[in-house]
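The values are calculated or read from the model by the stated rules, or taken from the named source; none is laboratory data. Since the model is a prediction, treat every value here as computed from it, not as a measurement. In this analysis, Cβ positions are derived from the backbone assuming ideal geometry, glycine residues included, and neighbour counts consider all displayed protein chains.
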Amino acid sequence: MTPAYPVQPDLAGHPYFRYRNNVLYAEDVPLDHLAHGLGTPLYVYSRAALKAAWEIYRSAVGQHPVLVCYGMKANSNLAVLKEFVRLGAGFDIVSGGELKRALAAGADPSKIVFSGVGKQAWEMRDALSAQVKCFNVESVAELHRLSEVAENMGLRAPVSLRVNPDVDAQTHPYISTGLKENKFGIAIDAALDAYRTAQSLPGLDIVGVDCHIGSQLTDISPYFDALEKLLDLIDTLDREGIRIAHLDLGGGLGIRYADETPPSPKALLDRVFERLNARGHGHLHLVLEPGRSLVGNAGVLLTTVQYLKHAEARNFAIVDAAMNDLLRPALYDAFHGVRALRPRAGAPTDYDIVGPVCESADWLARQRPLTIQQGDVLAVESAGAYAMAMASNYNARVRPAEVMVDGDRYYVVRQRETLDDLLKGESTLP
């Protein structure tokens, strides 16, 4: 019997990663072919999955005035960015480097919003020169710096203040961003004074209100706790003569890693449109900044079993991928499904999937029932978001290659690093 690959709801029910004749495929490409031909660790993405995830948002938006900006920190590979450019996406960036990558992929600057708490003057200058849509400003100090930079360039910077509504997103504390103890945004109680300051500064134009409460949200109720506070603020600003053109609700919709049932973009947006109309703000343009929900389930990480180690307390499958390749389990205690590319018959054994890095935190999965042997290749699921983007060279390890599958074809969209690459830019003392 052919093993059933769990099709994630975020992929609209289409089996982009599925078994055929006991071999796991990405679209129409057998993954063991890629593993043997290109080596492992190896990231593999599905072009069709990216498009399908985008279409879910496009369908949910309908004819409403909504700009969907891909939160590119999730995965900033140029091939991924180019796909979203082709599909008409905007981009949410958090650094000057991300601006450069987005522009290199052909992004329309008028669809770029610049978020982040620590923008430097050079990043502001680059973004102003590119004529981005908006700066999501996160402190009063940033307002003053941005105004000064814009004035020196003879320009006015379009700004939206990121408001921290003190709403608990009920997610991992490392990816919760809307509580008053988080570093992000301007406290809701201080927002009016911050807008007054922005209005007084000669280098700024106020265009919006911004909010982002966290990532991997599986319940949309926190969005509406935040939305009501934002609409109250917009009403107050309107009475002060400060007109708001757009409302940025951020991103954060979750995906299925294990047994989660995340809400759909339509479930979120239908209620948002309803509340905007009920509160008399149906004219506002919306900005969304999804990241994970567009790319998370569009990728897998392939890794080869180097050794099987059976100990008294645990059994270990030691693989060639490590925490430097996929940091999420070590950082967030995150769950990723694990599948053999060619499942074997026989009773499974519970294994911890661990890497070669000299850290006890170097694990990819724990206590997974697998029937495997040394040399088998495994697929770590849901590895399209915050995976390669967070990879490092810890332990002087090269970062993996990345591949994009398109039907029965595939393209290497990032070459595997070499050991010589690790030495570039370094020098010793004379």
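For the reader, a short list of remarks on this structure follows.
- Test: residue in region 220-243 that is loosely packed, with under 14 Cβ neighbours inside 10 Å, farther than 23 Å from residue 118 by Cα, basic (Lys, Arg) and modelled with pLDDT of 90 or more: yes
- Checked against (1) within 20 Å of residue 398 (Cβ to Cβ); (2) over 26 Å from the mean Cα position of the chain (by Cα), residue 325 passes all but a single condition, namely (2).
- Criterion (surrounded by fewer than 15 Cβ atoms within 10 Å (Cβ to Cβ), closer than 29 Å to residue 79 by Cα, touching a helix residue (DSSP H, G or I) at 6+ places or on another chain (Cβ under 9 Å) and small (Gly, Ala, Ser)) met by exactly one of 407, 384: 407
- When region 315-362 is limited to residues that are among the charged types (D, E, K, R) and assigned to a strand (DSSP E or B), the one that is farthest from residue 416 (Cα to Cα) turns out to be 350.
- Meets criteria (of a type outside the set (Val, Ile, Thr), under 15 Å from residue 219 (Cα atoms), without any contact (Cβ under 8 Å) to a residue 60 or more places away in the chain and not in a strand (DSSP E or B)) for residue 267: yes
- Just one of the listed residues (105, 121, 127) is surrounded by fewer than 22 Cβ atoms within 10 Å (Cβ to Cβ), within 22 Å of residue 77 (Cα to Cα) and modelled with pLDDT of 95 or more, namely 105.
- Single match in 252, 208, 241, 280 (criterion: assigned by TED's automatic domain parsing to the domain that holds residue 155 and under 21 Å from residue 142 (Cβ atoms)): 208
- Lone qualifier among 312, 274 - being farther than 21 Å from residue 113 by Cα and either assigned to a helix (DSSP H, G or I) or under 19 Å from the mean Cα position of the chain (by Cα) (or both): 274
- Given (1) modelled with pLDDT under 95; (2) surrounded by fewer than 16 Cβ atoms within 10 Å (Cβ to Cβ), number of the condition residue 7 does not satisfy: (2)
- Flag if residue 308 is among the aliphatic types (A, V, I, L, M), assigned by TED's automatic domain parsing to the domain that holds residue 391, farther than 12 Å from residue 380 by Cα and touching a helix residue (DSSP H, G or I) at 6+ places or on another chain (Cβ under 9 Å): no
- Of all residues in region 194-209, those that are touching a residue at least 24 places away in the same chain (Cβ under 8 Å) have Cβ atoms under 7 Å from Cβ atoms of residues that are surrounded by fewer than 19 Cβ atoms within 10 Å (Cβ to Cβ) and among the small types (Gly, Ala, Ser), 6 or more apart or on another chain, in 207/245; 208/245.
- Annotation note: Cβ proximity below 7 Å between a residue of region 134-149 that is touching a residue at least 40 places away in the same chain (Cβ under 8 Å) and a residue that is of a type in the set (Lys, Arg) (sequence gap 6+ or interchain) occurs for 136/162; 137/162; 138/162; 149/125.
- Filter pass, residue 334 being of a type in the set (A, V, I, L, M), more than 30 Å from residue 208 (Cβ to Cβ), without any contact (Cβ under 8 Å) to a residue 40 or more places away in the chain and surrounded by fewer than 23 Cβ atoms within 10 Å (Cβ to Cβ): no
- For region 197-207, the condition of being closer than 30 Å to residue 387 by Cβ and crowded, with 22+ Cβ neighbours inside 10 Å holds for none of the residues.
- Against the numbered list (1) in contact (Cβ under 8 Å) with a residue 24 or more places away in the chain; (2) of a type outside the set (A, V, I, L, M, F, W, C); (3) surrounded by fewer than 19 Cβ atoms within 10 Å (Cβ to Cβ), residue 369 comes up short only at (1).
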